[in-house]
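Written out below as structure tokens is the structure these notes cover.
The numbers here are math on the coordinates, done by the rules we state, and not lab data. The structure displayed is predicted, hence computed values, not measured ones. Every residue, glycine among them, receives a Cβ derived from its backbone with ideal geometry; neighbour counts consider all protein chains shown.
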Amino acid sequence: MSPPTMQQRMLRALIPADLAADPQSWQQQKSARTRLQLIEAGIDCLLEGGYAGLTTHKAAARAGVSRGAMQHHFTTRMTLVAAVVDHVFYARMRLFLEDYLGQISEAGEEQLVAIATQAHWRSVQTREYAAYLELAVAARSDAELLEHFGPAARRYDQVWVAEMIESFPQWRDHWEEMKLANDLAVAAHMGMSIMGDVLGPERIARLNQLIAQVLKGLYGD
């Protein structure tokens, strides 16, 4: 058996327990589908009404699931919130990796950073990233949410940092610069996502060009 790929390792490290399970019986499969429906409905509620809008009642109504079924899967609001947090981080990584790895099959090593930067910017335009932002902002003032969000955010960062050398082998001798480049892109894209309506497409494009130049300069140094 061949060893797991970078993508497989990263997703295994982040996959929520309910997605990692392999339901065998028809009833188990139905239960897994219902649970996922409720989580997806919870994400929709989060995006439409902010963190205050993420409740078991609203998620059940949106999913078309009875309150009894909701109670079976999520006994409290925070158990639903915790599941939403885990799924958002997993989906963010899965979507980014699918995009990035799909773009590099014919790229040379000198193009990998540019491709990754572009893929990351596309990833911050997604529903999953919008949900991440809602959770990140809410966690700043909600200690109960932070108990779930903080560890998940740190795990996401640790998994990515641990695998970056596999993603960008040309930076193998520039480890500290590579981590700095990653942090710069992540922080800049978060700010650009929040300010997107103010900045507009032209200024966003110019900022992305500047980010690419700065990252190239870090590697060149």
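In deg cm²/dmol, rounded to 500, what helix-only [θ] at 222 nm does the chain give when every DSSP H run of at least 4 residues adds -39500 (n - 2.57) and the total is split over its residues?
The helix contribution divided over the chain gives -26000 deg cm²/dmol.
At a temperature of 37 °C and a viscosity of 0.692 mPa s, determine how fast region 26-153 diffuses translationally according to Stokes-Einstein, using the Kirkwood radius over alpha-carbon pairs as Rh; express D in µm²/s, rounded to the nearest whole number.
207 µm²/s
How big is the convex hull of the Cα atoms of the chain, per residue, in Å³?
145 Å³
Tell me which DSSP H helices of the chain clear both cut-offs, 30 Å or more of axial length from alpha-carbon atoms and a mean Kyte-Doolittle hydropathy of at least 0.0.
Those that pass (Cα extent of 30 Å or more, hydropathy at least 0.0) are 77-103, 196-220.
Where the eigenvalues come from the Cα gyration tensor of region 53-117, what are the semi-axes √(5λ) of the equivalent ellipsoid, largest first, in whole Å?
Equivalent ellipsoid of region 53-117: 40, 10, 8 Å, largest first.
Under a cut-off of 19 Å between alpha-carbon atoms, report the lysines in cross-link reach of Lys179, not counting same-chain residues fewer than 8 places apart.
Lys216
Counting only C-alpha contacts under 8 Å and six or more residues apart, can you give the relative contact order of the chain as a whole percent?
21 percent
Taking the Cα centre of region 152-215 as origin, sum charge times position over the Cβ atoms of Lys and Arg (+1) and Asp and Glu (-1), and report the length of that vector in debye to the nearest 20.
It works out to roughly 140 debye.
log10 I(q)/I(0), Debye, Cα-only region 148-221, no solvent, q = 0.17, 0.28 Å⁻¹?
-0.77, -1.19
Can you tell me how region 91-215 classifies by the Cα gyration tensor, rounded, prolate or oblate, using a/c under 1.5 as the rounded cut?
oblate
Please name whichever of Trp26, Leu36, Leu145 sits farthest to the positive end of the charge dipole of the chain, dipole taken about the Cα centre and charges placed at Cβ: Lys and Arg +1, Asp and Glu -1.
Positive-end residue among those listed: Trp26.
Treating the beta-carbon of each Lys and Arg as +1 and of each Asp and Glu as -1, no other charges, what is the dipole magnitude of region 23-75 about its Cα centre, to the nearest 20 debye?
Computed about the Cα centre, the dipole is about 200 debye.
I'd like the distance between the alpha-carbon centres of region 145-221 and region 44-83, rounded to an integer number of Å.
If you average the Cα positions of each part, the centres end up 32 Å apart.
Hey, any idea what Rg/Rh is for region 23-75, computing Rh the Kirkwood way over Cα pairs?
My calculation of the ratio gives 1.02.
Multiply the residue separation of Arg77 and Ala162 by 0.36 nm, subtract the distance between their alpha-carbon atoms, and state the gained length in nm to one decimal.
The Arg77-Ala162 span can extend by a further 27.3 nm.
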